[in-house]
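To start, the structure itself, in structure tokens.
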2 protein chains.
Amino acid sequence: MRVASSADKTFSYIPDCSDLDIPEDADYVYICENNTIYGTKFHTLPNTKGHDLVADVSSCFLSEPVDVSKYGIIYGGVQKNVGPAGMVISIIREDLIRDDVMPFCPTMLKFKTQADNGSLYNTPNCWSIYMCGLVFKWLKAQGGLTEMKKRNEEKAAILYDYLDQSAMFHGTVRKEDRSLMNVPFITDSEELNARFIAEATKAGFVSLKGHRTVGGMRASIYNAMPKEGIQKLVDFMADFEKNNR
Amino acid sequence: MRVASSADKTFSYIPDCSDLDIPEDADYVYICENNTIYGTKFHTLPNTKGHDLVADVSSCFLSEPVDVSKYGIIYGGVQKNVGPAGMVISIIREDLIRDDVMPFCPTMLKFKTQADNGSLYNTPNCWSIYMCGLVFKWLKAQGGLTEMKKRNEEKAAILYDYLDQSAMFHGTVRKEDRSLMNVPFITDSEELNARFIAEATKAGFVSLKGHRTVGGMRASIYNAMPKEGIQKLVDFMADFEKNNR
């Protein structure tokens, strides 16, 4: 059951989740904490009214410190901020690792199966686990998630500040709900969008095309993207704007 | 429902599957074609009496040519003969890629979901796919599966021939059901088994300990193991036998 939505404005904002109409008998409240495609982020978690919060954090995992005690289950594909695609990391409150799951839940997908076997019930994606371990060490050496948050805010600000003063490019997300990781933007013309993507690609800025379901442009600026990369993109956008006025 | 078993002799042989009592309304007949732990192999496929055959081929995939038309579904984890752990390859007869699956089948686990999306419904294990691709090219350059079968037969014969004449070491599987990939063997004494594993490990022969559920020794001689590796193991075993007579 959907208790909140921003479908009315193409998911360009996070609905007010301070007083939702959540059924008493709901098993949990689910959010996608950072929407990779639309570039929104829950900067305030929903008031779940006592229900457990389950959050897909695939595209914001390790981008900032998280108070895990506010969640029942946190899970995310590692392929954005952590390591090579093909693995999911889950952080689950102990009492939710249970035997009384739905009878048709496949053995491999039961949290209890994985927990009881040290996440080694089957032969796992060893290489991805190893690479994630290297990333964890790198993160710690950089100053941990506090430092990552600082860097990510600085990085995102460069791009959002440019978008906010540009006469050609516009961010698509309400300011207070903007993601630090995924920055969608558009011009007022499909033709200009296409020309920008083509010229940017030629200049070495790849994967700027928005997700196929929404179009426009999107810059994904995960932990691995250095500040310099974003500054170069903004410089390129400013030049493009000047040359296509 | 189990229609054949070799549990009576610790799974050391393949039961006669030429005339099984298969219920008329069975959905399929399932086999694990090569048993990694017990070292058995179906050298003749069961007579399924018109039912579709579903085979887990994890530990024999790409070890020899296969007539895929004899199966409904072939599947296997790639981590033994194909590529890095964390992926499964499935070969499915077109008419079995269906919509009318059990209603509680997770979307991600439906063959139709994967088939309709070119196996890219989600972000997959890209690195493993890439590495498997390299292995496929390597296999073709070696002469394909016909050549692999020839090599694997030669390789296994070196080890089985030694076991068959040894007074100390014995293969545990009935001759006609032996696997070309996994060769379990024992001595008549647990103490001797332990000493052999310890000395072999010291000499650089790793992972010779049998699966924790069965004990003894096991040599896994997948495609990646060269003939020379097996000859060296046999030489070491012969020396050990001489020195511990």
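Here is how the numbers come out for the structure above:
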| quantity | calculated |
| --- | --- |
| Partners for residue B:70 among lysines (Cα-Cα distance below 16 Å; same-chain residues under 8 apart left out) | B:49 |
| Charge-dipole axis of region B:129-245 as Lys and Arg at +1 and Asp and Glu at -1 on Cβ define it, positive-most pick from B:167, B:219, B:189 | B:219 |
| Accessible-area ranking of A:126, A:60, largest first, probe 1.4 Å | A:126, A:60 |
| 1.4 Å probe, heavy atoms, protein only - residues of region A:103-122 losing at least 10 Å² accessible area vs chain alone | A:104, A:106, A:109 |
| For region B:178-245, accessible area per residue (1.4 Å probe, heavy atoms of protein chains only), Å² | 55 Å² |
| Interface B:A - total buried accessible surface [probe 1.4 Å, Å², rounded to 100] | 900 Å² |
| Phi-based couplings in Hz for region A:166-182 (Karplus 6.51, -1.76, 1.60; Gly and Pro marked x) | 6, 8, 9, 9, 9, x, 9, 9, 4, 3, 6, 10, 5, 7, 7, 9, 10 |
| Within region A:80-124, backbone nitrogen closer than 20 Å to the virtual label 7 Å beyond the Cα of residue B:212 toward Cβ | A:107-124 |
| Globularity index of region B:7-142, i.e. its alpha-carbon radius of gyration over 2.2 N^0.38 Å | 1.16 |
| List of region B:75-89 residues, accessible area with partners at least 10 Å² below that of the chain alone (1.4 Å probe) | B:79, B:85, B:86 |
| Size of electric dipole in region B:121-201: Cβ of Lys, Arg +1 and of Asp, Glu -1, about Cα centre, debye, nearest 20 | 580 debye |
| Normalised convex hull volume, region B:119-238, alpha-carbon set, Å³ per residue | 155 Å³ |
| For region A:202-245, diffusion coefficient by Stokes-Einstein and Kirkwood Rh (Cα), 37 °C, 0.692 mPa s, µm²/s | 282 µm²/s |
| Dipole magnitude (debye, nearest 20) for chain A, charges at Cβ of Lys, Arg, Asp, Glu | 940 debye |
| Relative compactness, the protein assembly as shown, computed as alpha-carbon Rg over 2.2 N^0.38 Å | 1.22 |
| Ellipsoid equivalent to region A:87-139 - semi-axes via the Cα gyration tensor, in Å | 25, 13, 8 |
| Computed helical MRE - 222 nm, chain B, DSSP H runs ≥ 4 contributing -39500 (n - 2.57), nearest 500 | -10000 deg cm²/dmol |
| Point-to-point label distance, residue A:123-residue B:174, nm (Cα→Cβ direction, 7 Å offset) | 2.7 nm |
| Accessible-area composition of chain B, carbon plus sulfur, in percent [1.4 Å probe] | 53 percent |
| Tilt relative to chain A, helix A:227-243 - C-alpha long axis, 0 to 90 degrees, to 10 | 40 degrees |
| Cross-link table A:112/A:155; A:110/A:150; A:112/B:9; A:112/A:137; A:209/B:137; A:175/B:110, entries beyond 29 Å C-alpha to C-alpha | A:112/A:155; A:110/A:150; A:112/B:9; A:209/B:137; A:175/B:110 |
| Other copies of residue A:115: label-to-label distances in nm, shortest first, labels 7 Å along the beta-carbon direction | 3.7 |
| Region B:116-182 versus region A:58-85: alpha-carbon centroid distance in Å | 38 Å |
| Size of charge dipole - the protein assembly as shown - debye, nearest 20, with Cβ of Lys, Arg +1 and Asp, Glu -1, no other charges | 1700 debye |
| Chain A: C-alpha pair distances exceeding 24 Å, % | 53 percent |
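The values are calculated or read from the model by the stated rules, or taken from the named source; none is laboratory data. Since the structure is predicted, the reported quantities are computational estimates derived from the model, not experimental observations. With ideal geometry, Cβ positions are generated from the backbone for all residues, glycine too; neighbour counts draw on all protein chains shown. What goes into the accessible areas is simple: the full protein's heavy atoms, side chains included, and nothing from ligands, DNA or RNA. Shrake-Rupley method; radii C 1.70, N 1.55, O 1.52, S 1.80 Å.
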